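**Q** Quick one: structure below, then a few questions.
The values are calculated or read from the model by the stated rules, or taken from the named source; none is laboratory data. Source: prediction; values computed, not measured. Here the Cβ positions follow ideal geometry from the backbone for every residue, glycine too, while neighbour counts run over all protein chains shown.
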Amino acid sequence: MTKLELDKFLNELKKIQGIISIYLYGSILNPNFDYLKKDIDILIIANEKNQLKLIKKIEKIKNKYSLILILDLGIRFTTEIDKFININRPPTAYFGIAHKNKLVFGKDYLEKIKNIKIMPKDIFIRVCNLAQGCRGIYLSKDEKNSSFWINYQRKWLIVAFLEVLYLDGVFELNKEKGLKLFIKNSSAPKKILNLLDSEKTTLLLLLESSEWLREYLLKNYSSQI
């Protein structure tokens, strides 16, 4: 039922003038995807014209299906893709989607960025940003009221480990597999795997993991940072 509803939703999106590409990405690509429990990640790329009008049209359609589907929509305009602008997301965000997606409408606009070189400096800046956030949460000593930020930092810290794994020569989008590979290849502390479980992620684990990763980059990529 929900697969059918997703198809209906996508068909309505395809009728909006100005949309160039629609991609599915993330866990929706797995054959055993659970439509009732998991987010459906969708990236929409549109041209630089009547942006607000287009966003409101997408919102109207999304609202029709919000009680049936768990939709996580990202809207990007062509200039943002061309300039690789993705605020509050890791440097490899578009890169990862470009390499693993299902194009359901339009042209493959992400094709052009598949060979973009991700630089150690970009990832180091991202890791420093995460480490600074983890320090702030840790010093607050308020684990109960910081639950949102703990989960936020946990999520993006895992991605940061996969990004550094990419720098080390291994491209892996599966979080569990990627973390295990990184630990094996770098001799990182095994407790970093606890980041995969929100209930096992503590303020101290966030602090130690982010600082460890920051030091790893300084040690192995200092000349490129």
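**Q** Among the residues of region 89-119, count how many are in a loop (DSSP other than H, G, I, E, B) and over 20 Å from ALA46 (Cβ atoms).
**A** In the first step, residues of region 89-119 are kept if they are in a loop (DSSP other than H, G, I, E, B); the result is 89-92, 100-101, 107-108, 114-119.
Next cut, over 20 Å from ALA46 (Cβ atoms) only: 90-92, 100, 114-119.
Residues meeting the conditions: 10.
**Q** Just to be sure I understand, how many residues within region 113-127 are loosely packed, with under 15 Cβ neighbours inside 10 Å and either at pLDDT 90 or above or farther than 19 Å from TYR166 by Cα (or both)? If you could, list the steps in order and put the result at the bottom.
**A** Here is the first cut: in region 113-127, the ones loosely packed, with under 15 Cβ neighbours inside 10 Å are 114-117, 119, 121, 125.
With either at pLDDT 90 or above or farther than 19 Å from TYR166 by Cα (or both) added as a condition, the list becomes 119, 121, 125.
Number satisfying all stated conditions: 3.
**Q** So is ASN129 polar (S, T, N, Q) and in a helix (DSSP H, G or I) or not?
**A** Working: polar (S, T, N, Q): yes; in a helix (DSSP H, G or I): yes.
Against the criterion (polar (S, T, N, Q) and in a helix (DSSP H, G or I)), ASN129 qualifies.
Each row is one residue, and each column tells you yes or no for (1) of a type in the set (A, V, I, L, M); (2) surrounded by 14 or more Cβ atoms within 10 Å (Cβ to Cβ); (3) within 23 Å of THR92 (Cα to Cα).
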position: GLY133; (1), (2), (3): no, yes, yes
position: ASN145; (1), (2), (3): no, no, no
position: LEU157; (1), (2), (3): yes, yes, yes
position: GLU176; (1), (2), (3): no, no, yes
position: SER187; (1), (2), (3): no, no, no
position: GLU199; (1), (2), (3): no, no, no
position: LYS219; (1), (2), (3): no, no, yes
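**Q** Can you name the residue in region 208-217 that is in contact (Cβ under 8 Å) with a residue 24 or more places away in the chain and surrounded by fewer than 18 Cβ atoms within 10 Å (Cβ to Cβ) and, of all such residues, is farthest from ILE125 (Cα to Cα)? I'd like the intermediate steps shown before the answer.
**A** Our first condition is that a residue be in contact (Cβ under 8 Å) with a residue 24 or more places away in the chain; within region 208-217, this holds for 209-214, 216-217.
Then keep just the ones that are surrounded by fewer than 18 Cβ atoms within 10 Å (Cβ to Cβ); that gives 211-212.
Values: GLU211: 13, TRP212: 15 Å.
Among those residues, the one meeting the criterion is TRP212.
**Q** Surrounded by 15 or more Cβ atoms within 10 Å (Cβ to Cβ), in a helix (DSSP H, G or I) and modelled with pLDDT of 95 or more, is that true of ILE150? Give the steps one after another, and end with the answer.
**A** Values: surrounded by 15 or more Cβ atoms within 10 Å (Cβ to Cβ): yes; in a helix (DSSP H, G or I): yes; modelled with pLDDT of 95 or more: no.
Considered against the rule, which asks whether it is surrounded by 15 or more Cβ atoms within 10 Å (Cβ to Cβ), in a helix (DSSP H, G or I) and modelled with pLDDT of 95 or more, ILE150 comes out as no.
**Q** While we're looking at this one, here's another question. Could you grab me the full set of residues in region 132-147 that are small (Gly, Ala, Ser) and part of a helix (DSSP H, G or I)? Reasoning before the result, please.
**A** Within region 132-147, the subset small (Gly, Ala, Ser) is 133, 136, 140, 146-147.
Matches in region 132-147: GLY133, GLY136, SER140, SER147.
**Q** Moving to a separate point now. Out of the residues in region 29-57 that are surrounded by fewer than 18 Cβ atoms within 10 Å (Cβ to Cβ) and not in a loop (DSSP other than H, G, I, E, B), state the one that is nearest to the chain's Cα centre (by Cα).
**A** Let us first name the residues in region 29-57 that are surrounded by fewer than 18 Cβ atoms within 10 Å (Cβ to Cβ), namely 29-39, 47-53, 55-56.
So of that shortlist, the ones also not in a loop (DSSP other than H, G, I, E, B) come out as 29, 51-53, 55-56.
Numbers: LEU29: 15, GLN51: 23, LEU52: 24, LYS53: 26, ILE55: 21, LYS56: 24 Å.
That would be LEU29.
**Q** If VAL104 meets every condition in (1) free of Cβ contacts under 8 Å to residues at least 24 places away in the same chain; (2) in the same structural domain as ASP41 (by TED's automatic domain parsing); (3) of a type in the set (A, V, I, L, M, F, W, C) apart from one, which number is that one?
**A** (1)
**Q** Moving to a separate point now. Within region 153-203, which residues are in a helix (DSSP H, G or I), of a type in the set (Asp, Glu) and out of contact with any helix residue (DSSP H, G or I) (no Cβ under 7 Å at 6 or more places or on another chain)?
**A** The initial filter retains those residues of region 153-203 that are in a helix (DSSP H, G or I), namely 153-167, 175-186, 190-196, 198-200, 203.
Applying the additional criterion that residues be of a type in the set (Asp, Glu) yields 163, 176, 199.
Within region 153-203, GLU199 is the sole residue that qualifies.
**Q** For region 83-99, which residues satisfy the criterion of being basic (Lys, Arg) and surrounded by fewer than 12 Cβ atoms within 10 Å (Cβ to Cβ)?
**A** Initial filter on region 83-99 (basic (Lys, Arg)): 83, 89.
The answer is LYS83, and nothing else.
**Q** Taking the stated definitions as given, is LYS83 without any contact (Cβ under 8 Å) to a residue 40 or more places away in the chain, under 30 Å from ASP122 (Cβ atoms) and either touching a Ser or Thr at 6+ places or on another chain (Cβ under 8 Å) or not β-branched (Val, Ile, Thr) (or both)? Step through it out loud before you land on a result.
**A** Numbers: without any contact (Cβ under 8 Å) to a residue 40 or more places away in the chain: yes; under 30 Å from ASP122 (Cβ atoms): yes; either touching a Ser or Thr at 6+ places or on another chain (Cβ under 8 Å) or not β-branched (Val, Ile, Thr) (or both): yes.
The answer is yes for LYS83.
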